1. If I model a spin label as a point 7 Å beyond the Cα along the Cα-Cβ vector, how far apart are those points for Glu367 and Leu258 in nm?
2. Please work out whether segment 415-482 counts as rounded, prolate or oblate from its C-alpha gyration tensor, where a ≥ b ≥ c are the square roots of the eigenvalues and a/c under 1.5 means rounded, while otherwise a/b larger than b/c means prolate and anything else oblate?
3. State to the nearest 20 debye the size of the charge dipole of segment 236-374 about its Cα centre, where the only charges are +1 on K and R beta carbons and -1 on D and E beta carbons.
4. Quick one: order Phe220, Phe316 from most to least accessible surface, probe 1.4 Å.
5. Whole angstrom only: what separates the Cα centroid of segment 178-195 from the Cα centroid of segment 258-322?
6. Under Stokes-Einstein, with the Kirkwood radius over Cα pairs standing in for Rh, what whole-number D in µm²/s applies to segment 276-432 at 4 °C and 1.567 mPa s?
7. Tell me which of Ala123, Gln152, Phe140 sits at the most positive position along the dipole axis of the chain, charges placed on C-beta atoms (Lys, Arg +1; Asp, Glu -1).
8. With a 1.4 Å probe and all protein chains kept in place, how much accessible area does Ile328 have, in Å² rounded to the nearest 10?
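The values are calculated or read from the model by the stated rules, or taken from the named source; none is laboratory data. None of these values were measured; they are calculated from a predicted model. Positions of Cβ are backbone-derived with ideal geometry, glycine not excepted, and every protein chain shown enters the neighbour counts. Remember, those area values only see protein heavy atoms, side chains included, never the ligands or the DNA or RNA. Shrake-Rupley method; radii C 1.70, N 1.55, O 1.52, S 1.80 Å.
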Amino acid sequence: MDETKHIVLAKTKAPEKEKKEYKDETPKEVRGRMAEMPVKKLMLSMGIPMILSMMLQALYNIVDSAFVANIEGVGEQALNALTLAFPIQMLMVAVSIGTGVGVNALLSRSLGQGDRKRASLAAGNGLFLATVIYIIFLLFAFVGVGPYLRTQSGNAQILEMANQYLLVCCSLSFGIIYFSIFEKVLQGTGRSLYSTIAQVSGAIANIILDPVMIFGLLGFPKMGVTGAALATVVGQILSLVIALTFHLRLNKEIDNGLCFMKPSRRIIGQIYSIGLPAIISQALMSFMTYFLNIIFVGIGENVVTAYGLYYKIQQFILFAAFGLRDAITPIVSYSYGMGSKPRIKDGISWGMRYTLTIMTAGFAALELFAGPIAGVFGLSGETEKLCIAAIRIISFSFWFAGANVAFQGIFQALECGMESLVISVCRQLLFVLPVAYALTRVIAAGSAPASLVWITFPIAEGASCLIAYLLMRRANKKRELA
């Protein structure tokens, strides 16, 4: 008997009746790739497309900001408006992707166990949940946007532009919400290349449409920040259409139909036992940014603008770690479902090595090109200086941040959702807001320059990484992987 079988928890095993009725019907090429390809090679083959996809997504966020920053006469105010709107966009993505993470892990584990029915129910219930999520954000578009924005600023011009941008993004959010589900389903079946093609197509469309709709080119009216929002949602809808097409044509090991979309308390519970911590994890990014906007405005609006811009710049690096995490999770989850201790260990080891390599490259790039990068956005003197300082100081947190992201993906795959949640709370709430507030008070008193506030992030990520390491050691003993 395989000596590694004992690590599979009884609660993850399919009922005996389902095992007899649904034998392992995973296509041989998928089963061979996920179960037999060396993990080092598998992680690269799955991870590189996801990394490129996520980096391109971050790039079009940066390009979006660059175009908006160059709107004549109001560029810096428009950039500030996007910063105020950004937490809600992040929350939307957090709920959608977090749900997709739960679908991904349940689907991957089910396929690893040869349970076709449960894999199909995971995908179908994911679509049901996406519908609920869209309805919630559609309602928020019409009743919540105004009150939300007024808590962050009293500048009427900035509020008006932020309201225009967010109204479009929320009311037409079905593209990003449903795409997030199909993206994770494609990744869960080992077809990450196709989810990347879908995402890249939408990103390219967004980048092309940005100047057209913002500045009124090719016969389009000049729409400013509203044009930026429309370019974003059109790109998201295009990604959805392409991902849906790939899913229907390629995912033959998953059955589709309304019967699988019928909400199942058991399946939804299994999705959110993994996905809820992921949602909270990513939602905390939204809450962190929202509260930091409120804290930083105590120093000045230029600090809010500089932080919002830096946040999008750093996403270009951190999103690469997120992309690799999206390869780590299904690989470790599939190996966990099939009971292979060596492949679980390889998934953890190579995932961490590749992540830290990416973070090192990102740190070097930002340190070398901090000035030219900040200069692209046409900021005023003080705001530009603050942005450059943010790039140079916060980037020292990359190694800790990358390790934290990898740890969270590993925890999700091993059904350690609470550990993943603890790391999120530490790095995006517990160690960030109190430190930022204290430093802001020191700066406001005239005892230090405004750039001192940026050391908040290396402190928070470093402390969180230590906790993540200790939790990983405990998880290894609990799962008998040490």
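1. That separation, rounded to one decimal, is 6.0 nm.
2. Taking the square roots of the gyration eigenvalues as a ≥ b ≥ c, segment 415-482 is prolate.
3. Roughly 580 debye, rounded to the nearest 20.
4. Largest to smallest exposure gives the sequence Phe220, Phe316.
5. Measuring centre to centre over Cα atoms gives 20 Å.
6. Numbers: Rh = 16.7 Å.
Translational diffusion coefficient: 78 µm²/s.
7. Sorting the options by dipole projection puts first Ala123.
8. The accessible area comes out at roughly 0 Å².
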